[in-house]
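First the structure, in the form of structure tokens, and then the observations on it.
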Amino acid sequence: MSNQSLSNRRLSKRTLAAAILILVVIPVTILMGVFLWESRKYYFISLLIMLYTFIPFALVFEKRKPQARELVVIAVMTAITVAGRSAFFMLPQFKPVIAIVIISGVSLGAEAGFLVGAAAGFISNFFFGQGPWTPWQMFGFGIIGFLSGLLFQKGWLKRTKLSLCLFGGAATVLIYGGIMNTSSVLMITPTINKEILLAAYASGIGFDLVHAAATVCFLFILSRPMLEKLDRIKLKYGMIES
């Protein structure tokens with residue numbers, strides 16, 4: 001393996017900082033909202049999550065001026081994700097959100113994947129309805145985008161349809177479904193036990209499987225053309241540097 005390949009797979013300080021924010025700070029913030037404010041401050045928590053997601057990008061631009069085209073591509077991917085969720089509003093759980101978030105993470109990087117997912121969850125809920133579930137959805141969408149970028153950077157996730165579809169289906173059920181099923185319990189009662197969690201997971205498994213099927217379908221259809229288009233944009237403009 002070449003030195004350049006090893007360098008590409010080595011996590012940057014920005015990615016490590018983002019990992020701490022995403023895996024520690026954001027979950028603690030959400031849980032503080034549940035236990036201290038009883039989920040009444042969901043707008044404030046959502047805005048805090050959005051603030052956290054911009055910190056890694058501030059590290060990127062610490063030594064150089066940000067180029068508008070870099071932020072425009074992320075904004076466009078967020079808009080496509082919001083539009084995709086809204087376009088399929090009549091089909092419960094059958095949404096392309098996680099598929100597009102995974103594509104964003106693989107192409108634009110882990111931090112961009114989280115930002116697209118979190119922002120799309122927040123913005124689209126102005127259409128679907130804001131509530132105490134919003135921070136959980138932002139975190140669920142965002143963490144899958146972050147992990148997809150991270151796993152791709154480490155070489156554990158490939159750009160093939162099979163690899164992306166398998167990851168997308170599993171992540172939708174295990175990660176997003178797990179987060180939202182847990183949140184549904186915490187939004188009702190701060191007391192969690194095995195029986196309550198099992199009941200929540202059992203009642204939500206049908207929705208999770210439909211959501212996973214949608215993710216697999218949209219990744220199978222969209223992953224290759226969207227990744228190729230993003231590759232051309234990145235090559236032309238020299239974007240998303242570490």
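The values are calculated or read from the model by the stated rules, or taken from the named source; none is laboratory data. Quick caveat: nothing in here was measured; it's all calculated off a predicted structure. Quick reminder, even Gly has a Cβ in these numbers, built from the backbone with ideal geometry, and neighbours come from all protein chains shown. For the accessible areas, the whole protein counts, side chains as well, though only heavy atoms, and no ligand, DNA or RNA atoms are used. Shrake-Rupley method; radii C 1.70, N 1.55, O 1.52, S 1.80 Å.
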**OP:** Go through the residues of the stretch 203-213 one by one and say whether even a single one is at pLDDT 95 or above, surrounded by 13 or more Cβ atoms within 10 Å (Cβ to Cβ) and either within 15 Å of Ser107 (Cβ to Cβ) or assigned by TED's automatic domain parsing to the domain that holds Ile30 (or both).
**Re:** no
**OP:** Could you please give the count of residues in the stretch 122-136 that are crowded, with 22+ Cβ neighbours inside 10 Å and out of contact with any Lys or Arg (no Cβ under 9 Å at 6 or more places or on another chain)?
**Re:** 4
Original post:
Does Lys236 fit the bill of being under 18 Å from Ser148 (Cβ atoms) and open to solvent by 60 Å² or more (accessible area, probe 1.4 Å)?
Top reply: no
Original post:
For the stretch 157-242, which helices (runs of 4 or more DSSP H) that fit wholly inside it have 2 or more residues that are closer than 16 Å to Met77 by Cβ and without any contact (Cβ under 8 Å) to a residue 24 or more places away in the chain?
Top reply: 194-237
Original post:
So Val116 fits all but one of (1) open to solvent by 40 Å² or more (accessible area, probe 1.4 Å); (2) at negative phi; what number is the exception?
Top reply: (1)
**OP:** Might you check whether a residue that is at pLDDT 70 or above, open to solvent by 70 Å² or more (accessible area, probe 1.4 Å) and in a helix (DSSP H, G or I) occurs anywhere in the stretch 91-100?
**Re:** no
